[in-house]
Amino acid sequence: MKKSKRFERGMEIIREYEDKSEKPSYSITFDNLMDLDPELENYIVEFAFGDIYSREELNHKTKTLLTISSLVTQGLEPQLRLHVNTGLTVGITPNEIVSSIIHLLPYTGFPRVLNALNIAKSVFEDRGVEVKK
(Lines give C-alpha, C1' and ligand atoms only; values in the text may rest on other atoms or scores of the structure.)
Protein backbone atom coordinates (compact mmCIF):
# COMPACT_ATOMS: atom_id res chain seq x y z
CA MET A 1 0.00 0.00 0.00
CA LYS A 2 1.31 3.46 -0.93
CA LYS A 3 2.20 5.65 2.02
CA SER A 4 0.88 9.19 2.37
CA LYS A 5 2.95 12.34 1.77
CA ARG A 6 2.74 12.99 5.53
CA PHE A 7 4.26 9.55 6.17
CA GLU A 8 7.04 10.14 3.63
CA ARG A 9 7.79 13.57 5.14
CA GLY A 10 7.79 12.01 8.63
CA MET A 11 10.24 9.31 7.56
CA GLU A 12 12.56 11.98 6.11
CA ILE A 13 12.61 13.69 9.51
CA ILE A 14 13.16 10.39 11.36
CA ARG A 15 16.17 9.67 9.14
CA GLU A 16 17.66 13.03 10.21
CA TYR A 17 17.37 11.97 13.87
CA GLU A 18 18.66 8.40 13.47
CA ASP A 19 22.05 7.23 14.66
CA LYS A 20 23.97 6.62 11.44
CA SER A 21 27.02 5.03 13.05
CA GLU A 22 28.17 1.48 12.29
CA LYS A 23 26.76 0.31 15.62
CA PRO A 24 23.66 2.45 16.24
CA SER A 25 22.97 3.04 19.91
CA TYR A 26 19.24 3.49 19.31
CA SER A 27 16.59 3.14 16.65
CA ILE A 28 13.42 5.06 16.00
CA THR A 29 11.18 2.17 15.05
CA PHE A 30 7.85 0.83 16.18
CA ASP A 31 8.23 -2.77 15.00
CA ASN A 32 7.76 -4.26 18.45
CA LEU A 33 4.27 -2.71 18.67
CA MET A 34 3.03 -3.30 15.13
CA ASP A 35 1.39 -6.61 16.04
CA LEU A 36 -0.98 -4.67 18.31
CA ASP A 37 -2.21 -2.35 15.56
CA PRO A 38 -0.61 -2.02 12.13
CA GLU A 39 -1.83 1.59 11.87
CA LEU A 40 0.16 2.69 14.95
CA GLU A 41 3.28 3.44 12.90
CA ASN A 42 1.24 5.64 10.55
CA TYR A 43 -0.17 7.64 13.47
CA ILE A 44 3.25 8.29 14.96
CA VAL A 45 5.16 8.90 11.73
CA GLU A 46 2.48 11.03 10.07
CA PHE A 47 1.46 13.14 13.05
CA ALA A 48 4.50 13.43 15.31
CA PHE A 49 7.13 13.59 12.58
CA GLY A 50 5.24 14.44 9.38
CA ASP A 51 3.19 17.24 10.93
CA ILE A 52 4.95 18.43 14.10
CA TYR A 53 8.68 17.73 13.74
CA SER A 54 8.62 18.88 10.11
CA ARG A 55 7.59 22.41 11.09
CA GLU A 56 10.43 24.77 10.19
CA GLU A 57 10.18 27.49 12.85
CA LEU A 58 12.45 25.60 15.29
CA ASN A 59 15.68 23.78 14.51
CA HIS A 60 16.29 20.13 15.46
CA LYS A 61 18.33 21.05 18.54
CA THR A 62 15.60 23.27 19.96
CA LYS A 63 12.86 20.73 19.21
CA THR A 64 14.86 18.01 20.91
CA LEU A 65 15.64 20.10 24.01
CA LEU A 66 11.94 20.90 24.31
CA THR A 67 11.11 17.22 23.98
CA ILE A 68 13.71 16.26 26.59
CA SER A 69 12.30 18.89 28.97
CA SER A 70 8.76 17.64 28.53
CA LEU A 71 9.77 14.02 29.06
CA VAL A 72 11.72 14.90 32.21
CA THR A 73 8.74 16.74 33.69
CA GLN A 74 6.49 13.77 32.96
CA GLY A 75 8.97 11.19 34.27
CA LEU A 76 8.92 9.24 30.99
CA GLU A 77 12.31 7.61 31.23
CA PRO A 78 12.22 5.11 28.31
CA GLN A 79 11.29 7.90 25.89
CA LEU A 80 13.83 10.22 27.54
CA ARG A 81 16.61 7.71 26.75
CA LEU A 82 15.66 7.84 23.05
CA HIS A 83 15.56 11.63 22.92
CA VAL A 84 18.84 12.14 24.81
CA ASN A 85 20.32 9.88 22.13
CA THR A 86 18.70 11.86 19.32
CA GLY A 87 19.91 15.06 20.95
CA LEU A 88 23.50 13.88 20.69
CA THR A 89 22.89 12.87 17.08
CA VAL A 90 21.56 16.31 16.08
CA GLY A 91 24.50 18.06 17.74
CA ILE A 92 23.40 18.95 21.26
CA THR A 93 26.39 18.70 23.56
CA PRO A 94 26.29 16.60 26.72
CA ASN A 95 26.77 19.83 28.71
CA GLU A 96 23.73 21.39 27.06
CA ILE A 97 21.64 18.31 27.85
CA VAL A 98 22.79 18.25 31.48
CA SER A 99 22.27 22.01 31.91
CA SER A 100 18.79 21.79 30.39
CA ILE A 101 17.81 19.00 32.76
CA ILE A 102 19.24 20.81 35.80
CA HIS A 103 17.34 23.94 34.75
CA LEU A 104 14.14 21.99 35.43
CA LEU A 105 14.88 21.55 39.16
CA PRO A 106 12.62 24.38 40.40
CA TYR A 107 9.80 23.34 38.08
CA THR A 108 9.96 19.55 38.26
CA GLY A 109 11.76 18.70 41.49
CA PHE A 110 14.77 16.69 42.52
CA PRO A 111 13.44 13.13 41.98
CA ARG A 112 12.60 13.57 38.30
CA VAL A 113 15.70 15.62 37.58
CA LEU A 114 17.98 13.10 39.30
CA ASN A 115 16.30 10.23 37.43
CA ALA A 116 16.75 12.12 34.16
CA LEU A 117 20.40 12.83 34.89
CA ASN A 118 20.94 9.11 35.52
CA ILE A 119 19.37 8.34 32.14
CA ALA A 120 21.52 10.98 30.44
CA LYS A 121 24.67 9.67 32.15
CA SER A 122 23.86 6.14 31.00
CA VAL A 123 23.33 7.31 27.40
CA PHE A 124 26.60 9.28 27.49
CA GLU A 125 28.45 6.19 28.75
CA ASP A 126 26.83 4.01 26.06
CA ARG A 127 27.83 6.51 23.39
CA GLY A 128 31.31 7.11 24.78
CA VAL A 129 30.84 10.84 25.27
CA GLU A 130 31.92 12.92 28.25
CA VAL A 131 30.52 15.93 29.98
CA LYS A 132 33.26 18.55 29.89
CA LYS A 133 33.50 20.48 33.13
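This table checks each residue for (1) farther than 26 Å from GLU12 by Cα; (2) surrounded by 18 or more Cβ atoms within 10 Å (Cβ to Cβ).
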| site | (1), (2) |
| --- | --- |
| PRO24 | no, no |
| PHE49 | no, yes |
| THR73 | yes, no |
| GLY87 | no, yes |
| THR93 | no, no |
| PRO106 | yes, no |
| LEU117 | yes, no |
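Every condition in (1) assigned to a loop (DSSP other than H, G, I, E, B); (2) over 22 Å from SER21 (Cβ atoms) is met by GLY91 except one, and the failing one is (2). A Cβ distance below 9 Å, combined with a sequence gap of six or more or placement on separate chains, defines the contacts here; from the range 59-78, residues that are part of a loop (DSSP other than H, G, I, E, B) reach residues that are of a type in the set (Gly, Ala, Ser) in the pairs GLY75/ALA116; LEU76/SER70.
Pairs meeting the criteria (first residue in the range 111-122 and not assigned by TED's automatic domain parsing to the domain that holds TYR26 and of a type in the set (D, E, K, R), second residue surrounded by fewer than 21 Cβ atoms within 10 Å (Cβ to Cβ) and at pLDDT 95 or above, beta carbons under 7 Å, at least 6 apart or on different chains) are ARG112/THR73; ARG112/GLY75. Can you confirm whether ASP51 is charged (D, E, K, R), in a loop (DSSP other than H, G, I, E, B) and without any contact (Cβ under 8 Å) to a residue 60 or more places away in the chain? Answer is no for this residue. Restricted to the range 109-133, and to residues there that are more than 19 Å from the chain's Cα centre (by Cα) and modelled with pLDDT of 95 or more, the residue that is nearest to GLU77 (Cα to Cα) is PRO111.
The values are calculated or read from the model by the stated rules, or taken from the named source; none is laboratory data. Predicted, not measured: the structure shown is a model, and the values here were computed from it. So basically every Cβ, Gly included, is an ideal-geometry build from the backbone, and we count neighbours across all protein chains shown.
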